[in-house]
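Take a look at the structure set out below.
The values are calculated or read from the model by the stated rules, or taken from the named source; none is laboratory data. Since the model is a prediction, treat every value here as computed from it, not as a measurement. Virtual Cβ from ideal backbone geometry, glycine too; neighbours counted across all protein chains shown.
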Amino acid sequence: MTSSKRKTIAIDGPAAAGKSTVGQRLARSLDYLYFDTGVMYRAVTWAALARHVPVADEEAVTELAQTLPIEVSPPTVDDGRQYTVMADGVDVTWLIRTPQVDANVSTVSAYPGVREAMVRQQRRVAADGAVVMVGRDIGTVVLPDADLKFYVDASVEERARRRWREMLARGEEADYEIVLDSMRRRDEIDSHREVSPLRVAEDAFVLDTTDLGIDAVLAQAQCLAEEADC
Ligand code: DC
């Protein structure tokens, strides 16, 4: 493998561990596509809520996932977004970040049929390489042959603190204990579901961001991506 090869880079890890920041900055530095697969599960969840499809109805949600057009493109509006997400022709970039979507996305993403439909699209996106794909099962299921795999982690308390600060910064009301509790619950569902649970791929490099600044973590990731002497 030469360093000029258009690599596929997989980044997995729990919520708020720093995957997106590391992924976005790594993709920018390599001039690769950044693709956050979480937005797809969020878009399906948003569509189910918007169309009043009961989230508990696995068959109906699966059918929705199989037919819902989801498009992720570079930002179309200059409002701080990193990309634009369209679902069903609606710009859902911010709508997929609401507490209602947060509360239901783990249920939706645990359905095997939903995952199958999303994974198929994700593999198509990664087919040409030059991509940094971020999620929960990228190195283990979606791209098991990825050229480089990272598992970005941090303690649950630190991750909850980050989410809580982000909410306060957006002017939302937020209680740290509630955020921590919801983060624990989501970790539990994501790591214990039957299909594609969150776990560290055997050949992944683990990057712990609990005490390490993002620049230091990124430097490690870049070094490994460039196959330098790290
Ligand atoms: O990364 P995120 O918080 O936007 O992910 C939203 C949800 O989607 C989360 O509950 C885990 C799930 N997800 C998944 O199951 N597989 C992925 N590849 C990405 C996200």
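Structural remarks
- Scanning region 182-201 for residues that are at pLDDT 95 or above and of a type in the set (D, E, K, R) yields nothing.
- Scanning region 175-195 for residues that are surrounded by 18 or more Cβ atoms within 10 Å (Cβ to Cβ) and not in a helix (DSSP H, G or I) yields one hit, Arg193.
- A residue that is within 11 Å of the ligand (Cβ to nearest atom) and polar (S, T, N, Q) can be found somewhere in region 110-128.
- Selection count where residues are touching a residue at least 12 places away in the same chain (Cβ under 8 Å), more than 25 Å from Arg163 (Cα to Cα), assigned to a loop (DSSP other than H, G, I, E, B) and of a type outside the set (Lys, Arg), scope region 1-55: 4
- Here Val125 meets the list (1) assigned to a helix (DSSP H, G or I); (2) modelled with pLDDT of 95 or more; (3) in contact with a strand residue (DSSP E or B) (Cβ under 8 Å, 6 or more places away or on another chain); (4) β-branched (Val, Ile, Thr) almost entirely, failing just condition (2).
- Residue list for region 75-92, filter: within 20 Å of the chain's Cα centre (by Cα) and farther than 16 Å from Met133 by Cβ: Pro75, Gly80, Arg81, Thr84, Met86, Ala87, Asp91, Val92
- Tally of residues being near the ligand (Cβ under 9 Å from one of its atoms) and surrounded by 21 or more Cβ atoms within 10 Å (Cβ to Cβ) across region 16-38: 3
- The set of residues in region 206-230 being buried (at least 16 other Cβ atoms within 10 Å of the Cβ) and in a strand (DSSP E or B) consists of Leu207, Asp208.
- Hits in region 142-163 (condition: at pLDDT 95 or above and in a helix (DSSP H, G or I)): Val142, Val156, Glu157, Glu158, Arg159, Ala160, Arg161
- A residue that is under 20 Å from Ala160 (Cα atoms), touching a Lys or Arg at 6+ places or on another chain (Cβ under 8 Å) and within 12 Å of the ligand (Cβ to nearest atom) occurs somewhere in region 197-216.
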